[in-house]
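Presented below is the structure to which this report refers.
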Amino acid sequence: RLSDPSKLVEVGFFAAPSTSRLPLVLAGSIGYVNSGKAWDAVDFSDPTNPNLLASGVMPDGPLTVAGHYAYDFTGKDVQVFDVADPAHPSPLSTAAAVTRYDNQLTAAGSSLYYFSDKGVLTIMDVSDPTSPQVMSSTKPVQALVDGHASAGTRDSGRGRGRERGGNRVVDGGG
């Protein structure tokens with residue numbers, strides 16, 4: 001919690017590797033920092049003194065955490081981990097991804113949403129984290145907000161109506 005967002009003051013520091021290309025993922029006071037090769041677990045409960053819990057706890061790839069589960073995209077699969085003990089995540093399952101090179105994951109309720117580099121949205125049912133199931137996949141979309149995906153379409157200069165800009169909204173069940 002920020003006491004005054006207009007006056008930010010550094011209270012602590014944790015050196016992330018310069019090879020990190022993915023953002024910090026926070027789950028409560030635990031943060032997962034990408035080292036460029038894997039995810040490291042960091043305890044931020046004392047922001048003046050972040051503490052590295054473990055290195056290389058999960059493979060490199062886009063990651064999201066919801067509750068006691070982390071979802072990691074490895075380039076061809078979605079891996080589910082139990083992160084109740086953040087320093088020792090337990091692999092629970094692996095599910096083949098519908099598309100490759102996915103670059104964004106979002107978990108909401110019992111669903112996992114992930115986007116490919118081409119903007120294809122895939123929705124998985126993760127109500128049973130030991131057996132995730134693909135529920136659906138859409139045409140390219142660009143953003144997910146409150147369980148709904150929105151995408152701008154490209155204007156080739158020849159199209160009319162929906163092909164000339166605008167947005168599609170996909171009900172993601174959220």
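The values are calculated or read from the model by the stated rules, or taken from the named source; none is laboratory data. Predicted model, so just to flag it, every value in this text is computed and none were measured. Here Cβ is always computed from backbone atoms with ideal geometry, including for glycine, and neighbour counts include all displayed protein chains. Heads up: the accessible areas ignore ligands, DNA and RNA and are worked out on the full protein's heavy atoms, side chains in. Shrake-Rupley method; radii C 1.70, N 1.55, O 1.52, S 1.80 Å.
Which value in Å is the Kirkwood Rh of region 57-138 over different Cα pairs?
About 12.3 Å for region 57-138.
Let me check something: with ligands and nucleic acids excluded, how do M124, M135 order by accessible area (1.4 Å probe), largest to smallest?
Descending order: M135, M124.
Taking the highest mean first, how do the peptides 104-111, 67-74 order by number of other beta carbon atoms within 10 angstrom per residue? Provide the component values of the computation, followed by the final result.
Details: 104-111: 17.6, 67-74: 20.8.
Most protected by this proxy first, the peptides run 67-74, 104-111.
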